[in-house]
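The values are calculated or read from the model by the stated rules, or taken from the named source; none is laboratory data. Small disclaimer: the values here were computed from a predicted structure and weren't measured. SASA here: full protein model, heavy atoms, side chains in, ligands and nucleic acids out. Shrake-Rupley method; radii C 1.70, N 1.55, O 1.52, S 1.80 Å.
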Amino acid sequence: METFKSYLTAYLNEAKQTRVIIMGGPGSGKSTYSEYITRHFSIKHIYPGGLLRKEIDKGGSDGQMIKDLLDKGKFAPNDIVLKLVKNALTEKDASKGYVLDGYPRYMQQVRDMEKNSINYDVVVYLDVSKEEVIRRLTKRGRKDDKPDIITDRINLYNKETGPAIEHYRKKPGFISIKAEGKEAGDIAKDIIKEIQNAI
C-alpha cells in the first residue's frame, strides 16, 4: 500500500504544473524575469526566438527559410513557431511546467494555442512606461536603439500584442506587475509571490 501511496504522491507532484505566459513590450525585461521564474519553480524556459535560432543552426530547408525571413526583418510563419513551441512542450523538462517568453505575440497565436490545447495557469504582464523603455534601450547603445525607432517599436507592439493582452486581462490568472522603479530582484520577488497566490 505504501508503494502505491508514494507513487501517487510522486505522480501528483509531477502533475502539478506551473505554466506561465510572460508578456511585455520591448525592454520590459521578459527574459530577465523568465529566468527568475524558471529558477524558482524549476520549470522550462521556452523562448521562440531561441527556438528559431536553434532551427537555423541545424540547417535544412526550414532553417534556411527562417533565416531568409529574419534577415529581411520579417517574422517566422506562425505554423513554424507553433510547431517549435509544441515540440519544446513535449520534452521531459517541460513536465513540471514552463514559461512562454514572448509567445503568444498576437491574436492568431492566442487562437493557435487554444486550438492546440496549450494551456497556462497565469499570464504575467510587465507594465513599463514608454519613458522608462526609451531610457533602458537607449542605454544599451545599439545603433537601432534611437528614441524614434524605439517609439515605432512600442507602437507596433501595442498594435500587434495589445489585443492579446486585453484578451487575457479578462480571464482568470492575469497578473499585471509594475516592472520599474525597483531592483530587478525585488520585482522578481513580487512576480513570484503573485504567481504563487494565483495557482
Could you give each residue of the stretch 49-61 its phi-based ³J(HN,Hα) in whole Hz, using Karplus coefficients 6.51, -1.76, 1.60 with θ = phi - 60°, and x for Gly or Pro? x, x, 5, 5, 5, 4, 5, 5, 4, 5, x, x, 5
Contact order normalised by residue count of the chain, Cα under 8 Å, 6+ apart, percent: 31
Which aspartates and glutamates, if any, have their Cα less than 14 Å from the Cα of Lys130, not counting same-chain residues under 8 positions apart? Asp145, Asp148, Asp152, Glu180
Compute the acute angle (0 to 90°) between the alpha-carbon long axis of helix 2-15 and the principal axis of greatest extent of the alpha-carbon atoms of the chain; round to the nearest 10°. 10
Hey, what angle do you get for helix 184-198 against the long axis of the chain, alpha-carbon based, 0 to 90 degrees rounded to 10? 50
For the stretch 51-199, max minus min Cα coordinate along each principal axis, in Å, sorted largest first? 45, 41, 27
Reachable lysines from Lys92, Cα under 25 Å, same-chain residues fewer than 8 places away excluded? Lys5, Lys16, Lys30, Lys44, Lys54, Lys58, Lys83, Lys115
³J(HN,Hα), Karplus 6.51/-1.76/1.60, whole Hz, each residue of the stretch 174-181, x for Gly, Pro: 8, 10, 9, 10, 6, 9, 7, x
Counting only residues 5 or more apart in sequence or on a different chain, those whose built amide H sits under 5 Å from that of Gly102 are Ile22
Non-local residues with an amide H under 5 Å from the amide H of Gly97, with H modelled 1.01 Å from N and Pro and chain starts lacking one, are Thr18, Lys44
Residue by residue, what Karplus-based ³J(HN,Hα) values in Hz, rounded to whole numbers, does the stretch 140-152 have, using 6.51, -1.76 and 1.60 with θ = phi - 60° and x for Gly and Pro? 5, x, 6, 5, 8, 8, 9, x, 5, 5, 5, 4, 4
Probe 1.4 Å, heavy atoms of protein chains only: per residue, the accessible area of the chain in Å² is 58
Computed accessible area, Lys44, all protein chains, 1.4 angstrom probe, square angstrom: 30
